[in-house]
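Note sheet for the following structure.
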Amino acid sequence: MIFDATSGGGAVAVKMNARPALMEIVIKPEVIDPDDVEMIQDLIMAAMNDALEQVRNGQMQQLAG
């Protein structure tokens, strides 16, 4: 199973498998601001946490089914 998650309206996208292991991370160049690195860090964390939540929900569904 592959899980896709985004944050910032698609500014950051991650793809994760059910292991969970990060497979891909995409950051739109227009959101990269060297004076605001904290924003990118927050967007990455938000996308990763969303993907991890999807993995957990998928695992719970498999256990329940």
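The values are calculated or read from the model by the stated rules, or taken from the named source; none is laboratory data. On a predicted model such as this, the values are computed, not experimentally measured, just so you know. Using ideal geometry, Cβ is built from the backbone for each residue, glycine included, and neighbour counts are taken over all protein chains shown. Ligands, DNA and RNA are stripped out before the accessible areas are found, and what is left, the full protein with its side chains, is counted by its heavy atoms. Shrake-Rupley method; radii C 1.70, N 1.55, O 1.52, S 1.80 Å.
The residue that is most open to solvent (accessible area, probe 1.4 Å), among those in the stretch 34-61 that are under 17 Å from residue 14 (Cα atoms) and among the β-branched types (Val, Ile, Thr), is 44.
Summed over the stretch 6-29, the residues that are touching a Phe, Trp or Tyr at 6+ places or on another chain (Cβ under 6 Å) and on the phi > 0 side of the Ramachandran plot give a count of 0. Within the stretch 14-33, can you find the residues that are surrounded by 10 or more Cβ atoms within 10 Å (Cβ to Cβ), free of Cβ contacts under 8 Å to residues at least 40 places away in the same chain and not charged (D, E, K, R)? Matches in the stretch 14-33: 14, 16, 17, 20, 22, 23, 25, 26, 27, 31, 32. In the condition set (1) in a helix (DSSP H, G or I); (2) buried (at least 16 other Cβ atoms within 10 Å of the Cβ); (3) not aliphatic (A, V, I, L, M), residue 6 is compliant with all but (1).
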